[in-house]
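In what follows, a structure is listed as structure tokens, so that the remarks can point back to it.
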Amino acid sequence: MAGSETVYIKADRNVEVTKPEVTLGDVLKIECSNPNMVPKLNTLKLLKFHHTDKKHQNRTAVSILRVIQCIHEQYPNIDVQNMGETDFIVTYEEQQTAEGAVHYMKAAVVVVISFIGAAFSIMAFNNDVDTTKMFSQIYELLTGNKSDGFTILELTYCIGLVIGILTFFNHFGKKKFSVDPTPMEVEMRLYENDIQSTLIETYSRKEKELDVGANSTGSHRT
């Protein structure tokens with residue numbers, strides 16, 4: 001085996017695996033000038049999950065120092081350079097594909113709830129600012145006639161509301177109007193980053209993080 005190889009490793013903040021025995025190749029991207037080293041490093045065992053409930057989700061935080069230790073236990077002369085996260089989360093969850101009817105039913109429920117929630121919010125806003133009265137006054141001021149509640153103002157307001165929502169969310173079905181992420185995607189990424197930071201800090205404070213000196217085949221439950 002080479003005596004002074006340099007290995008570059010990179011881990012994402014949150015990694016999901018579908019098998020209980022986790023190897024370095026499952027959670028890391030590994031690069032080395034010696035192509036024979038990468039497959040060998042990919043097969044090194046990092047940890048093992050034990051579970052009794054198939055619906056239970058197992059999760060643990062791992063320090064990159066534990067990864068480096070795992071490599072040095074087998075190849076002590078390798079120089080490891082970390083190019084990614086210093087702490088990352090490994091989540092083990094068995095893949096369960098929902099049946100077609102159940103999947104469409106869940107999607108329909110989400111659509112109905114979202115539609116009702118959005119409609120209620122818009123109506124509550126319009127009622128709060130008394131949009132109907134304002135449009136009636138504007139229509140009477142411009143035309144000299146009383147509004148019957150459905151005029152060009154209400155029509156253009158409805159059309160403009162739809163266009164504004166689509167423009168703001170930058171999304172319609174599977175199509176995007178630009179390459180920029182939508183506001184919903186940005187908020188979801190921020191939310192995920194906050195969750196991941198909280199989980200890592202929690203595991204670290206409770207000393208449950210897989211760190212230097214931990215057993216690589218130890219069981220992990222949450």
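The values are calculated or read from the model by the stated rules, or taken from the named source; none is laboratory data. Values in this document were obtained by computation on a predicted structure and should not be read as measured data. Using ideal geometry, Cβ is built from the backbone for each residue, glycine included, and neighbour counts are taken over all protein chains shown. Note: accessible area is taken over every heavy atom of the protein model, side chains too, but ligands, DNA and RNA are not part of it. Shrake-Rupley method; radii C 1.70, N 1.55, O 1.52, S 1.80 Å.
General remarks:
- Spread over its residues, the convex hull of the C-alpha atoms of the chain is 198 Å³ per residue.
- The Cα-based radius of gyration of segment 60-170, divided by its Kirkwood radius, gives an Rg/Rh of 1.39.
- Gln81-Phe169 FRET efficiency (beta carbon distance; Förster radius 35 Å; 0.05 resolution): 0.30
- With protein chains left intact and a 1.4 Å probe, residues in the chain average 69 Å² of accessible area per residue.
- Segment 146-160 and segment 82-139 have their alpha-carbon centroids 27 Å apart.
- Rounded accessible area of Met105 (nearest 10 Å², 1.4 Å probe): 130
- Ranked by solvent-accessible area (1.4 Å probe, protein heavy atoms only, all chains present), the residues Val111, Val80, Val186 order from largest to smallest as Val111, Val186, Val80.
- Using a simple spin-label model with pseudo-atoms 7 Å out from Cα toward Cβ, Tyr8 and Ser178 lie 3.3 nm apart.
- Proximal charge balance of Val62 [Cβ under 10 Å; K/R count +1, D/E count -1]: -3
- Trypsin sites (Lys or Arg not before Pro) within segment 85-158: DSSP coil, no more than 16 neighbouring Cβ in 10 Å: Lys146
- Charge context of Asn14, other residues only, Cβ under 10 angstrom, K/R +1, D/E -1: -2
- Between Ala101 and Ile138, the simple label model (points 7 Å from Cα in the Cβ direction) yields a spacing of 5.0 nm.
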